[in-house]
Amino acid sequence: MSSSAVRDRGSARVRPGRRAALVSATVGTVAAGMVLALATAASAGTTLATSAAEKGRYFGTAVAANKLSDSTYVGILNREFNMVTPENEMKWDATEPSQGQFNYTSADRIVSHAQANGMRIRGHALAWHSQQPGWAQNLSGSALRSAMVNHVTQVATHYRGKIHSWDVVNEAFADGGSGARRDSNLQRTGNDWIEVAFRTARTADPGAKLCYNDYNTDGQNAKSNAVYAMVSDFKARGVPIDCVGFQSHFNSASPVPSDYQANLQRFANLGLDVQITELDIEGSGTAQATSYANVTKACLAVSRCTGISVWGIRDTDSWRASGTPLLFDGNGNKKAAYTATLDALNGGTTPPTTTPTTTPPTTAPPTTPPPGTGCAASLSLQTWTGGFVATVRVTAGSSGTNGWTATLTLPAGTAVTNAWNAQNSGTTGTVRFTNVGYNGQLTAGQSTEFGFQGAGTPPSGTPSCAAS
């Protein structure tokens, strides 16, 4: 969570103070689009990560680096999760403790861990009114605005190409029924500070999804309506925003709202991804298990709900430890809530793939393959100096497909660094991308998409496609 607030839906929060000791951790590699990387080689459908990946989602957790020496903790992390959010290590006070002096040691350590274990990372958080270093708290006006822009630029640039989604701005709206912006030193620099942060982040890390993240927005209320209005305005004016994060901290006094799924859907209808970013549910037994299952089913029912992250691994790792809010008990044993969540993932439906929303594609995909071919492929690109994200659309011919392979020749010096929704054979030269289990069978005229990230000069031309 971004702060130690007691989440009471529809009422003011008691914020008992900053979360206990800063933790150091984070893991991740980047990709645009849906997450398919498996955390381990476990059989599909037997872990949270593999089951979520089968549905085109990720299942993540918040991680503390000071717990990476705990073998039980790391064993669960590596087995069950394929997305990690740093609990505190990428916040302003951790990354820039003195103005202009940056410290990435803890986060970098976990990024390496992630890359070695097939995990990805949500960057959390670039701009936030809380957990600012003392020097930033003492700034105001144009000096603070300049410091914020520099901070976003430096941190996002340092992790450029390694982040799946950034929480660019965190908790900028006030609690209660006013729907107003939160009064903070950042807000007092001007009402455009959120827009500036997003534009700055896009320039610094063009391939990452850019998200707004908040709590008490899980159902439709004054606060979520205000966020919805801001996001609608951003979309209308071309401000770069790709996703909205819902923290989803629940307890008996603040249960999962009845319109939770409908609220996720209305944001998705704006052309955004939605992500459940900090899920924890206080309680135990059947009631807790049912709530976890309901949240999971709600995400699966919204095609653009791209993933779920719980805020910690074991109950004892939680900032709300006394409420036993997580999927594993203090000894690392699976709880009823874990089983209910896994069952919900395995019982859900696979959504259609989504098109990246960051920039318009450079080429338009064909609607049907040429006559006499089993499938056709088209390429669209998002580019920046030294790298790119490519989206390839595969469209079945008149006979449909049971499987497909798309082939693309990369320029000399260019290499594939990540791929999703397909398995790649090779990383340089002529690279073949083959369907994964759930997207190989296409009916006549049906399309699916896969993507990859590359370093170097973007490819050109049209990929070839072969169907089986």
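The values are calculated or read from the model by the stated rules, or taken from the named source; none is laboratory data. Because the structure is predicted, anything quoted here is derived from the model rather than measured. Neighbour counts are summed over all protein chains in view; Cβ atoms, including those assigned to glycine, are modelled from backbone coordinates with ideal geometry. Surface areas here come from the heavy atoms of the whole protein model, side chains and all, with no ligands, DNA or RNA. Shrake-Rupley method; radii C 1.70, N 1.55, O 1.52, S 1.80 Å.
Below, the figures for the structure above:
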{"item": "N82 being modelled with pLDDT under 95, open to solvent by less than 10 Å² (accessible area, probe 1.4 Å) and among the polar types (S, T, N, Q)", "result": "no"}
{"item": "Some residue of the stretch 58-79 being of a type in the set (D, E, K, R) and modelled with pLDDT of 90 or more", "result": "yes"}
{"item": "Of residues in the stretch 188-203 being in contact with a Lys or Arg (Cβ under 9 Å, 6 or more places away or on another chain) and in a loop (DSSP other than H, G, I, E, B), the one most open to solvent (accessible area, probe 1.4 Å)", "result": "N191"}
{"item": "Long-range neighbours under 9 Å by Cβ, at least six apart or interchain, first residue touching a residue at least 60 places away in the same chain (Cβ under 8 Å) and crowded, with 23+ Cβ neighbours inside 10 Å within the stretch 116-140, second among the basic types (K, R) and part of a strand (DSSP E or B)", "result": "R122/K209"}
{"item": "Scope the stretch 440-453; condition of a type in the set (S, T, Y) and either in a strand (DSSP E or B) or crowded, with 17+ Cβ neighbours inside 10 Å (or both); matching residues", "result": "S447, T448"}
{"item": "Selected residue (only one of V168, V256, V227, V231 is open to solvent by less than 30 Å² (accessible area, probe 1.4 Å) and either modelled with pLDDT under 95 or not in a helix (DSSP H, G or I) (or both))", "result": "V168"}
{"item": "Matching entry among T296, T324, T341 (being open to solvent by 20 Å² or more (accessible area, probe 1.4 Å) and among the β-branched types (V, I, T))", "result": "T324"}
{"item": "Filter pass, E96 being crowded, with 17+ Cβ neighbours inside 10 Å, charged (D, E, K, R) and farther than 19 Å from R160 by Cβ", "result": "no"}
{"item": "Selection count, the stretch 282-312, where residues are in a helix (DSSP H, G or I) and either polar (S, T, N, Q) or closer than 22 Å to G219 by Cα (or both)", "result": "16"}
{"item": "Pairs where the first residue, in the stretch 313-341, is over 21 Å from G45 (Cβ atoms) and in a helix (DSSP H, G or I) and the second is of a type in the set (D, E) and open to solvent by 30 Å² or more (accessible area, probe 1.4 Å), C-beta under 7 Å, 6+ apart", "result": "D315/D329; G323/E282"}
{"item": "For Y215: the one exception among (1) open to solvent by 20 Å² or more (accessible area, probe 1.4 Å); (2) of a type outside the set (D, E); (3) in contact (Cβ under 8 Å) with a residue 40 or more places away in the chain", "result": "(1)"}
{"item": "Which listed residue, of A65, A49, is in contact with a strand residue (DSSP E or B) (Cβ under 6 Å, 6 or more places away or on another chain), free of Cβ contacts under 8 Å to residues at least 60 places away in the same chain and of a type outside the set (S, T, Y)", "result": "A49"}
{"item": "Yes/no for A136 being in a helix (DSSP H, G or I), more than 30 Å from A287 (Cα to Cα) and in contact with a helix residue (DSSP H, G or I) (Cβ under 9 Å, 6 or more places away or on another chain)", "result": "yes"}
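Per-residue answers, yes or no, for (1) modelled with pLDDT under 80; (2) open to solvent by less than 10 Å² (accessible area, probe 1.4 Å); (3) not polar (S, T, N, Q):
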| residue | (1), (2), (3) |
| --- | --- |
| A377 | no, yes, yes |
| R393 | no, no, yes |
| A412 | no, no, yes |
| F433 | no, yes, yes |
| Y438 | yes, no, yes |
| A455 | no, no, yes |
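So that you can scan it fast, the table gives a plain yes or no per residue for (1) touching a helix residue (DSSP H, G or I) at 6+ places or on another chain (Cβ under 7 Å); (2) closer than 30 Å to A52 by Cβ; (3) not in a loop (DSSP other than H, G, I, E, B):
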| position | (1), (2), (3) |
| --- | --- |
| L77 | no, yes, yes |
| V84 | yes, yes, yes |
| E89 | yes, yes, no |
| Q115 | no, yes, yes |
| A125 | no, yes, yes |
| S142 | no, no, yes |
